[in-house]
Amino acid sequence: MTVDTTSLNRKRNFFTSGQTLWVFGYGSLIWKAEFPFHERRPAHIEGWERRFWQGSHDHRGTPQAPGRVATLVESPGAVCQGMAYRIDADTLGPLDYREKNGYLRERVILHFHDGSHAEGLIYLATEDNAAFLGDAPLDAIARQIATAHGPSGANRDYLLHLAEALENLGAQDEHVSALAARVRSIKET
Ligand code: SIN
């Protein structure tokens with residue numbers, strides 16, 4: 001199953017062209033910044049929680065055996081820690097391609113550690129995209145992550161790199177740490 005959001009995202013131009021813009025990463029964009037940026041700063045967004053509810057058919061799984069990767073769900077009062085990148089608008093092209101399996105550009109307010117804030121973008125996979133898998137018992141999610149592989153590598157590496165990156169940021173995320181503990185206890189296949 002693939003849902004290519006590239007062309008939809010091209011129309012989601014929320015910022016004046018020519019200016020640089022902030023993108024907030026909460027999943028692989030935290031620890032795998034393989035795109036040019038002017039600066040990066042730890043930041044958080046409010047009202048969102050990270051969940052491994054998005055299917056990955058193109059990076060960490062296959063159409064036959066999808067993996068699970070991070071998306072965000074709305075949760076009043078929640079705080080989601082991540083990394084903000086100030087990029088040129090041209091960099092959205094490669095990011096749209098990378099996030100094409102169901103993620104759409106959305107506008108959010110980013111809060112920096114010095115108390116300042118800025119408007120920016122996230123790539124969000126909502127329940128109405130065809131790759132969305134949704135909630136499941138934590139053990140089932142962990143088993144799926146522990147066994148899935150795709151062109152970008154093992155699904156477990158995505159989760160464990162994210163858990164490590166969040167730890168380095170000093171960020172607490174119970175969903176991610178509970179999954180990481182379970183996946184570490186499952187033998188690598
Ligand atoms: C993100 O990292 O912000 C989006 C989801 C992903 O690419 O893992």
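Computed from the coordinates by the stated procedures, all read-outs in this text should not be read as laboratory data. These numbers come from a predicted model, not from an experiment. All Cβ positions, glycine included, derive from the backbone under ideal geometry; neighbour counts span all protein chains shown.
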Per-residue HN-Hα couplings for the range 94-101 [Karplus 6.51, -1.76, 1.60; θ = phi - 60°; Hz; x = Gly/Pro]:
x, 5, 4, 5, 4, 9, 6, 7
Between Thr126 and Glu39, what is the label-point separation in nm under the 7 Å Cα-to-beta-carbon projection?
3.2 nm
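Using the Cα centre of the chain as the reference point, and only Cβ charges (+1 on K/R, -1 on D/E), how large is the resulting charge dipole? Debye, rounded to the nearest 20. Working shown, then result.
Details: 20 positive and 24 negative charges, 74 e Å.
The dipole magnitude comes to about 360 debye.
What length, rounded to one decimal in nm, is gained on full extension from Thr16 through to Gln172, with 0.36 nm per residue of separation minus their alpha-carbon distance? The partial results should precede the final answer.
Details: separation 156, 0.36 × 156 = 56.16 nm, distance 3.44 nm.
Result: 52.7 nm gained on full extension.
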For the range 84-142 and the range 144-158, write down the distance between their C-alpha centroids in whole Å.
19 Å
Spatially proximal lysines relative to Lys100 (Cα-Cα < 26 Å; intrachain offsets below 8 disregarded)
Lys11, Lys32
If I model a spin label at Asp88 and Gln64 as a point 7 Å from the Cα along the Cα→Cβ vector, what separation in nanometres do I get?
4.2 nm
With just the Cα atoms of the range 6-184, tell me how far they stretch along each of the three principal axes, in Å, largest first.
44, 35, 28
Which Cα, out of Val69, Asn9, Gly120, lies furthest along the positive dipole direction of the range 1-128 (beta carbon charges, K/R +1, D/E -1)?
Val69
